Amino acid sequence: MVPENLVNADDVYNPDKLYEALETSVSGIAEFITPAIFAGHIHSMGWIRPPWANQIRDGTHSFLVGKQRSSGNLRVSCREPYFADEGFCVKDNDLEDAKRFSLKVAQLQYFSMTKFRPPSPWILDICLDYFTVNNPFLKEYEMKAGKLSCDLLRQVFGLGLKWRQCEEQRISNGPGYAEFDQDTLYQRKEKEVFESLISRIFEKVLEDNSASELSSLVDQLSFRYRNRSSMKPTLLAFVDDLKTKTPDIIKLANTAGEMADLPENLTDQESIDKMIMNLESFLYTCDIPKVVTIARSSSDEFDYTPINQVEEILQLVLKMLKRLWGSIDVEYDPT
């Protein structure tokens, strides 16, 4: 993703400003890739995605990363919803000082079967949430509000929404430019209406407003779902459940709902062992990388990699690297 806090693309060449932008952004250091592309350090990348992550379509995506002429912001010409829906996609001729970038996306078996090998020199970046991943926002809500409340939240913000189903279809079928593609325009309109209505519902519950106002909002919201008749009782139950919560829990529900589409798949140990074995088999056929970085993707605030699994997975990955390439120097960054 493109760092939202990076006000000007030229700040990529100012280490202090770049680091501050990454450190204070929502996604943190994970947004380092597009600045590195713009600076000319990275020209291609292969993303080996787990089966449950589908933010970007499988295939090879060639696009530009550059400075938008009108705003000076860092932008991309990739038309995938992952970028377009956040407003980061512009046309090629809207970019200056642009760098061409190639992104190959597939699951591990495709990289293995096609004998894809990263060109040397290369960097291996392993995120431990590749093996198992929490949605920390939903997890926190379930812990504080209860499983039944969280199940209702998942349904209200889930794939039954018209705009979410449209998003799934766009990812599957391929994108168009955000300002011209009709599917994109429809999805954005549906999403805007849903977000407006659900925000008003949260506000009315917090204000303890009359049942008639909430009932009217629920009726309007039900039209935003593919199956309105089955969702309306769920929406009413969701609102009744919110009324029993404290203001802090209600606000948490709003945040968790906005993040409900993040990947989530809790993997058992046997499956993790198999994933590591398959990854090792693939890496065995590759040249030795210049650097290996490992992201725990787990902290006290956001444990994308489950806290109870992260240390064991880290040790398994380090053992795999030692089997592949012998003695390695390991440095830990406490931040």
Review point. Contour minus end-to-end for residue 203 and residue 229, with contour as 0.36 nm per residue of separation and end-to-end as the Cα-Cα distance?
Key: 6.9 nm
Check your understanding: Non-local amide H neighbours of residue 295 (under 5 Å, H modeled in plane, Pro and chain starts lacking H): which ones?
Key -> 126, 127, 128
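Report the FRET efficiency, 1/(1 + (r/R0)^6), for residue 213 and residue 251, where r is their Cβ-Cβ distance and R0 is 22 Å, rounded to 0.05. It would help to have the intermediate numbers written out before the result.
Values: r = 20 Å, r/R0 = 0.89.
According to the calculation, E is roughly 0.65.
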Review point. Which of the aspartates and glutamates could a cross-linker span from residue 274 if the Cα-Cα distance has to be under 20 Å and same-chain partners fewer than 8 positions apart are dropped?
Key: 125, 129, 264, 311, 312
Study note, to complete from the structure: Sequence order, segment 244-261: Karplus ³J(HN,Hα) from phi using 6.51 cos²θ - 1.76 cosθ + 1.60, θ = phi - 60°, Hz rounded, Gly and Pro as x, gives 8, 9, 6, x, 5, 5, 5, 5, 5, 4, 5, 5, 4, x, 4, 9, 5, 8
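Tell me, what is the Rg over Rh of the chain, with Rh the Kirkwood radius over Cα pairs?
Over the Cα atoms of the chain, Rg/Rh equals 0.99.
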Point to revise | Student exercise, the chain dipole from Lys, Arg, Asp, Glu Cβ charges, in Debye to nearest 20 | key: 1120 debye
Check your understanding: What angle do you read, to the nearest 10 degrees and between 0 and 90, between the alpha-carbon axis of helix 211-222 and the longest principal axis of the chain?
Key -> 50 degrees
Practice item. Round to the nearest 0.05 the FRET efficiency obtained for residue 192 and residue 5 when R0 = 22 Å and r is the Cβ-Cβ distance. Key: 0.40
Revision key, fill the gap. Along segment 84-91, Karplus-curve 3J(HN,Hα) (6.51, -1.76, 1.60; θ = phi - 60°) to the nearest Hz, with x for Gly and Pro, reads 4, 5, 9, x, 9, 9, 9, 6
Check your understanding: Expressed as a rounded percentage, what relative contact order does the chain have, with Cα pairs under 8 Å and six or more residues apart?
Key -> 20 percent
Review point. From the phi of every residue in segment 236-241, what ³J(HN,Hα) in whole Hz does the Karplus formula 6.51 cos²θ - 1.76 cosθ + 1.60 yield, where θ is phi - 60° and glycine or proline is x?
Key: 5, 5, 4, 5, 4, 5
Practice item. Could you calculate the contour length gain from residue 291 to residue 240, that is, 0.36 nm times the residue separation minus the distance between their Cα atoms, to one decimal place in nm? Key: 13.1 nm
Exercise for review: Return the single residue from 324, 74, 159 with maximal mean-square fluctuation; model: Gaussian network over the chain, springs between Cα atoms under 10 Å.
Suggested key: 324
Revision key, fill the gap. For the chain, percent of DSSP beta bridges that are antiparallel (nearest 5) comes out at 60 percent
Revision key, fill the gap. The farthest towards the positive end of the charge dipole of the chain, of the residues 18, 159, 289, given +1 on Cβ of Lys and Arg and -1 on Cβ of Asp and Glu, is 159
**Study point:** Tilt relative to the chain, helix 162-173 - C-alpha long axis, 0 to 90 degrees, to 10
**Key:** 30 degrees
**Study point:** Amide H partners (placed H, <5 Å) of residue 73, local residues excluded
**Key:** 9, 68
Practice item. Amide H neighbours of residue 61 under 5 Å, at least 5 residues apart or on other chains, H built in the peptide plane: list them. Key: 103, 104, 105
Point to revise | Farthest positive-ward along the chain dipole, Cα basis, beta-carbon charges - from 9, 54, 197 | key: 54
Study note, to complete from the structure: From the cross-link list 162/251; 204/232; 144/189; 17/139; 91/139; 67/162, the entries with a Cα-Cα span beyond 27 Å are 144/189; 17/139; 91/139; 67/162
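Every number in this text was worked out from the coordinates using simple rules, so none of it is lab data. Just so we're clear, the structure is a prediction, and the values are computed from it rather than from any experiment. All Cβ positions, glycine included, derive from the backbone under ideal geometry; neighbour counts span all protein chains shown.
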